[in-house]
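Below: the structure, in structure tokens.
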Amino acid sequence: MFGRAAAVLVLLLLSVVPASAARLDDVKTRGFLQCGIGAGTPGFATIGPGDAWSGLEVDYCRALAAAIFNDPQAVHFILSTTEDRWQSLTSGAIDVLARPSTWTMERDTAMGVSFVGTLFYDGQGFLVKKGAGYASVNDLENQSVCMQANTTTVLNAEDFFATNKIGYHPLTFASRAETIQAFLDGKCAAYSTNAAGLAGDRSTFATPADYVILPEIISKEPLAVAVAQGDDQWLKVARWVYFALLDADELGVTQKNVDELVGSDNSEVKRLLGLADEDFGTPIGLTKDWAYRIVKLVGNYGEIFDRNVGPNSPLALSPGLNALWKDGGIQYAPPIR
């Protein structure tokens, strides 16, 4: 009886071993990372001349590839929609989902995914035409609001308008492009999504100055990277790449000065760059200089933020909550030690 029970237990344990186990080995064998990104979101994922992708989520994937392969170009970018992103991740079609996706309890517990970290702290806002008479969300009483279907945007709007007893008419569309076009065509008084997305979309309009973002932010939108649930090693690799970007930023280690800092006496810098006696890369399947590779080839979090969405980019966003904790924001990483 004991032998039969033990055999049944083994079979049960085997039945719950996730298909994603040993993802890092699969990625290394393949020779490139498969990264799920959004399409046409200025500052986050856009394609330019020579089919070159750029953006905040793109640079995260390049940092992950740099840590694994010492090559930020060892990435295949795969477009993920709001409808297929979770299935693409859990099926193994992509290794990591960098497309901005709000970290919620339902997604964290019921979708078969694990969230890595918040790449961008955002909140839902409303874009309106300047001069239309809307100075506040309260002015949208009985007006139509354009939103993309199957997103937390729709749910947040339902909660906000119901709680504040403001009547409104939601108009939802299958894609982001359709939603924006409906707004530009005058089918609704406002277009609602994450505030950074609104700023990015507005930057592509023929006359961006004709549109304003209302002052109210109605939700918390921690836009996070995710991996398939069940592979602890892969989760740690993806998470510590994110943490290394933040730690490098806090320590002032940049693309420009990283080689100079190889001779630093700062113990934190030495651990980050793989120069200390301790080896933090090998235990998770990476080289000892994994974080040096990230900074040298891609940059730190602040550099990635600045070039893609910062004050001098077309989006002209201030860091806000995305500043480091020491600078008044909430971006924070555990130390490498």
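Are there any pairs with C-beta distances below 6 angstrom linking a residue in segment 249-271 that is touching a residue at least 24 places away in the same chain (Cβ under 8 Å) to a residue that is of a type in the set (Lys, Arg) and outside any helix (DSSP H, G or I), with the two at least 6 apart or on different chains, and if so which?
Once the first residue is touching a residue at least 24 places away in the same chain (Cβ under 8 Å) and sits in segment 249-271, its partners that are of a type in the set (Lys, Arg) and outside any helix (DSSP H, G or I) give Arg271/Arg337.
Just to verify a result, which residue in segment 185-210, among those that are among the aliphatic types (A, V, I, L, M) and over 18 Å from Gln124 (Cβ atoms), is surrounded by the most Cβ atoms within 10 Å (Cβ to Cβ)?
The initial filter retains those residues of segment 185-210 that are among the aliphatic types (A, V, I, L, M), namely 189-190, 195-196, 198-199, 206, 209.
Still in the running and over 18 Å from Gln124 (Cβ atoms): 206, 209.
On the way: Ala206: 6, Ala209: 8.
Top of the filtered list is Ala209.
Within segment 315-337, restricting attention to residues that are assigned to a loop (DSSP other than H, G, I, E, B) and hydrophobic (A, V, I, L, M, F, W, C), which residue is nearest to Gly197 (Cα to Cα)?
We begin by selecting, within segment 315-337, every residue assigned to a loop (DSSP other than H, G, I, E, B); these are 315-319, 323, 328-330, 332-337.
Filter once more, so that each one left must be hydrophobic (A, V, I, L, M, F, W, C): 315-317, 323, 330, 333, 336.
Details: Leu315: 9, Ala316: 12, Leu317: 11, Ala323: 18, Ile330: 20, Ala333: 25, Ile336: 32 Å.
Across segment 315-337, the extreme among qualifying residues is Leu315.
Could you say which residue among Ile304, Ile294 is crowded, with 19+ Cβ neighbours inside 10 Å and either within 25 Å of Ser203 (Cα to Cα) or modelled with pLDDT under 95 (or both)? First the steps, then the outcome.
Details: Ile294 fails: either within 25 Å of Ser203 (Cα to Cα) or modelled with pLDDT under 95 (or both).
On inspection, the qualifying residue turns out to be Ile304.
Can you pull out the helices (runs of 4 or more DSSP H) entirely within segment 75-178 that have at least 3 residues that are under 17 Å from the mean Cα position of the chain (by Cα) and either surrounded by 20 or more Cβ atoms within 10 Å (Cβ to Cβ) or touching a residue at least 24 places away in the same chain (Cβ under 8 Å) (or both)? So that I can check it myself, show each step before the final result.
Working: elements: 85-90, 105-110, 152-163.
Counting at least 3 such residues, we get 85-90.
The values are calculated or read from the model by the stated rules, or taken from the named source; none is laboratory data. Here the structure is a predicted model, which is why all the values come from computation and not from measurement. Glycine gets a Cβ as well: all are built from the backbone with ideal geometry, and neighbour counts include every protein chain shown.
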